[in-house]
Amino acid sequence: MRNRSAVILLFLIWALTSAAVSPAQETQQQDDSESSRKVVNRVVPQYPEMARELNLRGNVKVEVLVEPNGLVKSVQVKGGHPVLVQAAEDAVRKWKWEPAVRETRQSVEFRFDPK
């Protein structure tokens, strides 16, 4: 019963989080991206054990502020299931982009599937 309550609570949090970003806002935010820099080092997110137990799948969208040297300055979650978000954030913070003249915003989407 306790696990079922946790699943229901997580679902409600996910539903509220998903409703916070409308498709129009999401498109506008992607249009505001300054450029698409090439990623030189990607880290694959670890699939969370809780998500595996729940057979949970889904996508997590983040916007990354990348410093001129290619390192991640900040990460802002744009959407996704709360159980998957932390794994996506942890992975993208380890990414490295090619150097550029100034900071840029990059949109990244992770797809999680228990298979």
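Read-outs throughout are calculated quantities, based only on the coordinates presented, and are distinct from any laboratory measurement. Treat the numbers as computed from the prediction; the structure is a model and nothing was measured. Note that each Cβ is placed from the backbone with ideal geometry, even for glycine, and that neighbours are counted across all protein chains shown.
Each row is one residue, and each column tells you yes or no for (1) in contact with a Pro (Cβ under 8 Å, 6 or more places away or on another chain); (2) free of Cβ contacts under 8 Å to residues at least 60 places away in the same chain; (3) surrounded by fewer than 16 Cβ atoms within 10 Å (Cβ to Cβ); (4) among the charged types (D, E, K, R).
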| residue | (1), (2), (3), (4) |
| --- | --- |
| 56 | yes, yes, no, no |
| 59 | no, yes, yes, no |
| 65 | no, yes, yes, no |
| 70 | yes, yes, no, no |
| 83 | yes, no, no, no |
| 93 | no, yes, yes, yes |
| 112 | yes, no, no, no |
Worksheet entry | Filter pass, residue 101 being free of Cβ contacts under 8 Å to residues at least 40 places away in the same chain and outside any helix (DSSP H, G or I) | yes
Worksheet item: Of the residues that make up the stretch 85-96, is at least one in contact with a strand residue (DSSP E or B) (Cβ under 6 Å, 6 or more places away or on another chain) and among the β-branched types (Val, Ile, Thr)?
Response: yes
